[in-house]
Every structure is written in structure tokens, then in C-alpha cells.
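The values are calculated or read from the model by the stated rules, or taken from the named source; none is laboratory data. Computed from a predicted model, the values in this text were never measured in an experiment. Virtual Cβ from ideal backbone geometry, glycine too; neighbours counted across all protein chains shown.
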Amino acid sequence: MIIIAGRLQVDRVDRDRYVTDCVAVVQQARTAPGCLDFAITADSIEPDRINVYERWQSDAHLAQFRGSGPDAEQSAQLRDAQVWKYRISTTEDP
């Protein structure tokens, strides 16, 4: 299992629009093969922070979905990104 988790920083005036612009991506991810969970949400305390959480069955599923990543407009809005990839070994199927 693969978990992607972290945070994105954008200007506070852009945060809610950024999250709204990601709704289609979240919907696509949640129906993609191998996606176990996917969320891009506004932080409840920091007005310029966006939380990212993804859970995938495998690297192959993640790579198949990921493609080219955020578009140029979204990338230009990012002031900082701290996102990590974790590989989880389990003895049970999710």
C-alpha cells in the first residue's frame, strides 16, 4: 500500500478556489483503479494551507493515475509543498 500525505501552501485568498478547482481530480482519483482514498482539503487552522491525503494499492496504480500532475496554473499558485510518499506493508488486505 502507498500513502501520499502532506501539505501545500498557497496565498490565503487563493486557497478555497484551489481546493474547489481540485474537485474533479478528487472525483477521478476515487474512481481510479487501485485508489483506496483521496482527499484535498482546506486546513481548519491555517488559512493558506491545503492538506493532501492519498492511499493507493500499489505504485503501479499511483503511476497510472498520476500522469503529468497539477496543471501550470495550479503549480504557479503553490508557494511551498511538503508531501511525502510512504510504503506500507500489511498482512491484511484493506
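Per-structure values
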| read-out | value |
| --- | --- |
| Enumerated helices (runs of 4 or more DSSP H) restricted to region 10-72, each holding at least 2 residues that are charged (D, E, K, R) | 15-21, 59-66 |
| Lone qualifier among Asp37, Asp11 - being within 27 Å of Asp59 (Cβ to Cβ), among the acidic types (Asp, Glu) and surrounded by fewer than 15 Cβ atoms within 10 Å (Cβ to Cβ) | Asp37 |
| Conditions (1) surrounded by fewer than 16 Cβ atoms within 10 Å (Cβ to Cβ); (2) modelled with pLDDT of 95 or more: number failed by Glu54 | (1) |
| Matching residues, region 23-38, being under 20 Å from Gln77 (Cβ atoms) and in contact (Cβ under 8 Å) with a residue 40 or more places away in the chain | none |
| Given (1) outside any strand (DSSP E or B); (2) modelled with pLDDT under 95, number of the condition Ala81 does not satisfy | (1) |
| Criterion violated by Asp21 - all others in (1) of a type in the set (D, E, K, R); (2) exposed (fewer than 15 other Cβ atoms within 10 Å of the Cβ); (3) more than 19 Å from Arg87 (Cβ to Cβ); (4) at pLDDT below 95 satisfied | (2) |
| Residue pairs meeting the criteria (Cβ under 6 Å; at least 6 apart or on separate chains; first farther than 14 Å from Ala39 by Cβ, in region 1-18; second of a type in the set (Phe, Trp, Tyr)) | Ile2/Trp56; Val10/Tyr18 |
